Amino acid sequence: MATTQKAAAPKAAKKSQGFTGIRGAFWIIVLCFIAALCIFNLWLGNGANFQGGDNANAPVNIFGTIYKGGYVVPIIHTLLLTVLCLAVERYFALKTAFGKGSLTKFVANIKAALAANDFNKAEDLCNKMQGSVANVVLASLHAYKAMESGANASLKKSQKVARIEQAHEEATQLEMPTLQMNLPIIATIVTLGTLTALFGTVLGMIGSFQALAQGGGGDSLALSMGISEALVNTASGIATSWVAVVAYNTYTNKIDKLTYALDEVGYTIAQTYDSNHADEA
């Protein structure tokens, strides 16, 4: 009775260990909103920042002026605090993903080990480096070894190379969600910061025009408060968007650098197998 033997699949990649990010970003936003309300009411709205110790009067310093920006201010501050928190979160998550050494040096050492067919050294480098790149490279090395033994040995060389590349792609896809986590929120705040600032500016200008419409020169205090609200919200929103843009582009660039390193090493491993088995069909 004939039996068929199924080719063994390469060893699955393991995900990065250590701090990989905060998945409950919603609660970060909630905490930032609570913190923004506390700052708005307890610090900016403190009576010491206004004439006569009453926040209904004209402000005497910049903190009182910001308070006069109205209820849009804590919304913008929530966005700003969220960006700052997620920027710190992404810093530590990507630091874990990059591993414990120089990424450029690691890639160079891996390529040198592969050129010398020293796969044990390559695995040792991965175990020392850790992080996303090391995990993906290790998965590719395991796939390489799996192609040289067992049922996989009967496959054609093109099929073996394809399986090594597949193992590399699967390991990469396993790491990418961790790398990109919470970045869409930062990207959204880039736009929300500007739009919220525009909304606050419009509200402030409406207050100013209402003061002008009350005959004569209008209420100078109401007029100045309306203009103040407009400018405070504009400045706060622009600052929030600026921080969000810098954070998003910085971490996107880091992820692109890491992805390029993954592709470079993956291609090298596949080509190493192809060149080392040139006599196979």
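Below, the figures for the structure above:
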read-out	value
Contact order relative to length of the range 93-276, as percent, for alpha carbon pairs under 8 angstrom and 6 or more apart	28
Alpha carbon convex hull of the range 33-155, volume per residue in cubic angstrom	159
Signed unit charges on C-beta, dipole axis of the range 93-276, positive-most listed residue Thr250, Ala116, Met129	Ala116
Amide H contacts under 5 Å for Phe50, placed H, 5+ residues apart	Val60
Net charge over other residues, Cβ less than 15 angstrom from the Cβ of Val88 (K, R count +1; D, E count -1)	+2
HN-Hα J in Hz across the range 255-270 - Karplus 6.51, -1.76, 1.60, θ = phi - 60°, x for Gly and Pro	5, 4, 4, 5, 5, 4, 5, 4, 5, 4, 5, x, 5, 5, 5, 5
Structure-derived volume of the Cα convex hull per residue in Å³ - corresponding label in (i) 164; (ii) 103; (iii) 130	(i)
Residue among Ile62, Leu81, Thr240 farthest towards the positive dipole end of the chain, charges placed on Cβ	Leu81
Fewest-first ranking of Glu165, Glu175, using other Cβ atoms within 10 Å as the exposure measure	Glu165, Glu175
Filter on Lys100/Lys121; Lys105/Lys156; Lys121/Lys257 - keep pairs with C-alpha separation over 27 Å	Lys105/Lys156
About the Cα centre, charge dipole magnitude for the range 103-197 (Lys/Arg +1, Asp/Glu -1 at Cβ), debye	260
Computed magnitude of the charge dipole of the range 56-128 (debye, nearest 20; Cβ of K, R +1, Cβ of D, E -1)	120
Euclidean distance of C-alpha centroids, the range 237-268 and the range 94-138, integer Å	21
DSSP loop trypsin sites (Lys or Arg not before Pro) with at most 15 other Cβ within 10 Å excluded, longest remaining stretch of the chain	157-281
Within the range 93-276: Cβ-based charge dipole about Cα centre, in debye rounded to nearest 20 (Lys, Arg +1; Asp, Glu -1)	540
Residue exposure sequence - Cys32, Cys38 - by fewest surrounding Cβ within 10 Å	Cys38, Cys32
Packing-based exposure ordering (other Cβ within 10 Å, fewest first) of Phe199, Phe106	Phe199, Phe106
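Where a number appears in this text, it was derived from the coordinates with a stated rule and is not lab data. All values derive from a computational prediction rather than experimental measurement. Neighbour counts run over all protein chains shown; Cβ positions are idealised from the backbone, glycine included.
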